[in-house]
Amino acid sequence: MLFGKQEDRPVLDKNNIPVHIAAIMDGNGRWAQKRGLPRTAGHSAGSEAFQRAAEYLQSLGVKYFTVYAFSTENWKRPEEEVQAIMGLLDRYLRKAIREMAEKNIRLHFFGDLEPLSDNMKKLIAETNEISRGTTGMQVNVCLNYGGRDEIVRAVRSLARDCARDGMPPEAITEELFSSRLYSANIPDPDLTIRPGGELRLSNFLLWQNAYSEFYFTDTLWPDMDEAELDKAIAAYQGRKRRFGGI
Ligand code: FPP
């Protein structure tokens, strides 16, 4: 089913669909407040928007979709809100475990999963197991994720190789560094979408976003339907990517 006003929809160039799209799912709280609902209702609507977006992007041929679900800083939120987000993730993972093979979606997780509950870790292990057998779009859920934390972990891992195994520091290349990130083996995002009106990166994929095209919109994440995603992709298709060249 298609959402959004058809007359506003740009026509997309099907030969220039971004391979990897990343999104900061911002604006859930404000979406709920505007409707006089608790913030948690906004996250619930945000979770539905995420599932709708994943299905739509897969239908367009996007190969990787990375979303910021919970940052290393989000633990500072009220306990009730943290629990509500974890509850939505729990529900999503249970559904995904049932449907992943059928929908041919692969799920990966970026972040420090150690502090998560045993239940969540078990669900993640199960989805990783199923992912081994699926070949379709890869969805990366950033969970207890921080871009700086990811970089520090990569540095530590390389420092260990130098100190323990005698690797010369000159052996550290951009490729080797990238291979120590959560995103090892997947291409950098081509397009990073931030709804919700803020114009910042908020510690999201700091290394990987070096040459991503950015799309900022005031639309709140739960309202990011197919028509709004088309606008973001059309904006990307209108950009000239030079990667530092001329
Ligand atoms: C930011 O909006 C959103 C979050 C911190 C949580 C995002 C989580 C979900 C959409 C639910 C679970 C995810 C999956 C993958 C099933 P905000 O609360 O900062 O909004 P505001 O800026 O309007 O307050």
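Any read-out appearing in this document is the output of simple, stated calculations on the displayed coordinates, not a laboratory observation. Everything numeric here is computed off the predicted structure, so don't read it as measured data. Cβ: placed from backbone, ideal geometry, glycine included. Neighbour counts: every protein chain shown.
Near I172, once Lys and Arg are set to +1 and Asp and Glu to -1 for all other residues with Cβ below 10 Å from its Cβ, the sum equals -3.
Ranking request for peptides 117-130, 24-37, 166-179: highest mean number of other beta-carbon atoms within 10 Å first, then the rest in descending order.
24-37, 117-130, 166-179
Our estimate of slack between V82 and L206, defined as 0.36 nm per intervening residue step minus the Cα-Cα distance, is 42.3 nm. Diagonalising the gyration tensor over the Cα atoms of the stretch 103-177 and scaling each eigenvalue by 5 before taking the square root yields semi-axes of 29, 16, 12 Å, largest first.
Adding -39500 (n - 2.57) for every DSSP H run of four residues or longer, then dividing by how many residues the chain holds, sets the calculated 222 nm ellipticity at -14000 deg cm²/dmol.
When you have a sec, figure out the Kirkwood radius of the chain from all distinct Cα pair distances and drop it here in Å to one decimal?
19.1
Direction-averaged projected area, Cα convex hull, the stretch 184-246: 5.3 nm², rounded to one decimal. FRET efficiency for the pair E198 and V19, taken as 1/(1 + (r/R0)^6) with r the Cβ-Cβ distance and R0 = 35 Å, rounds to 0.85. The slack in the chain from R132 to I246, taken as 0.36 nm per residue of separation less the alpha-carbon distance, amounts to 37.0 nm. Take the Cα of N104, step 7 Å along the line toward its Cβ, and report every residue of the stretch 128-160 whose backbone nitrogen sits under 18 Å from that point. Under 18 Å, as judged by backbone N against the label point of N104, lie 130-140 of the stretch 128-160. Between W75 and S157, the FRET efficiency estimated from the beta carbon spacing at R0 = 25 angstrom works out to 0.55. Simple spin-label estimate for Q33 and R239 gives 2.9 nm between the two label positions (7 Å along the Cα-to-Cβ direction from each Cα).
Put simply, when 140-150, 236-246 are sorted by average Cβ atoms within 10 angstrom per residue, most first, you get 140-150, 236-246.
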